[in-house]
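Structure first, commentary second.
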Amino acid sequence: MSDGRPPCACVICHDYGDRERLDNFQLRTIVHITQYGWSVVLAHPDADGPGWAYTIGLWHSHRSPELAMFGGDVYEMEETLNALGRQAADGDGPADGERRDDVVRGQQAAFRAVDLRWYDAFLGGAAAFYRRPPLPFLQVVWPNPDGLFPWQPGTDLPFRHSQPWLWLAPTQHTKNAWTQRA
């Protein structure tokens with residue numbers, strides 16, 4: 001019997017015949033989702049570029065889009081994603097094109113749908129968990145200290161490159177540290 005929610009194709013909801021071969025990351029993710037409703041994955045900065053963080057489980061637990069943030073401190077991004085996850089759990093998940101106040105360092109955040117072609121480069125853990133794209137993913141875009149988003153006039157080039165623009169197709173994205181991962 002359906003509860004009216006879109007179906008979930010994740011490894012919790014469906015047995016793909018490989019549960020005995022799930023790795024520690026996948027098993028830990030399942031435990032977090034079962035206990036808390038979602039998990040936040042941290043990709044620490046390295047020699048190849050800045051870090052990022054993303055959720056796994058918001059779609060499974062709340063049918064809210066998964067969320068990703070880029071270019072900031074990974075622990076601050078984790079805190080922001082958890083706060084947004086709690087909003088989603090309360091039935092107030094963000095939507096594509098929306099802006100919300102007081103999300104990142106007391107400032108507004110913008111939400112943009114992630115193009116499916118970026119999933120393997122940045123969101124592989126979620127893709128492996130859900131198995132069947134398209135999975136709804138929103139990028140949480142943060143502003144500069146003046147409250148301007150990377151695409152707005154008045155921002156400088158380093159800030160415009162501090163976060164990828166994953167709502168664009170990879171071929172439309174300016175070449176920088178982010179596109180090297182794609």
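The values are calculated or read from the model by the stated rules, or taken from the named source; none is laboratory data. What you are looking at is a predicted structure, and each value in this text was computed from that prediction instead of being measured. Every residue, glycine among them, receives a Cβ derived from its backbone with ideal geometry; neighbour counts consider all protein chains shown.
Could you check, for the stretch 149-167, whether at least one of its residues is crowded, with 18+ Cβ neighbours inside 10 Å, touching an Asp or Glu at 6+ places or on another chain (Cβ under 9 Å) and not in a loop (DSSP other than H, G, I, E, B)? No. Annotation for the stretch 49-69: no member residue is closer than 21 Å to residue 147 by Cα, touching a Gly at 6+ places or on another chain (Cβ under 8 Å), free of Cβ contacts under 8 Å to residues at least 60 places away in the same chain and not small (Gly, Ala, Ser). Kindly check whether there is at least one residue in the stretch 19-42 that is small (Gly, Ala, Ser), over 28 Å from residue 173 (Cβ atoms) and outside any helix (DSSP H, G or I). Yes, some residue in the stretch 19-42 is small (Gly, Ala, Ser), over 28 Å from residue 173 (Cβ atoms) and outside any helix (DSSP H, G or I). Just one residue in the set 87, 107, 26 is surrounded by 14 or more Cβ atoms within 10 Å (Cβ to Cβ), touching a Pro at 6+ places or on another chain (Cβ under 8 Å) and modelled with pLDDT under 95; that residue is 107. A single entry from 54, 75 fulfils the requirement of being in a strand (DSSP E or B), out of contact with any Pro (no Cβ under 6 Å at 6 or more places or on another chain) and within 25 Å of residue 109 (Cα to Cα): 54.
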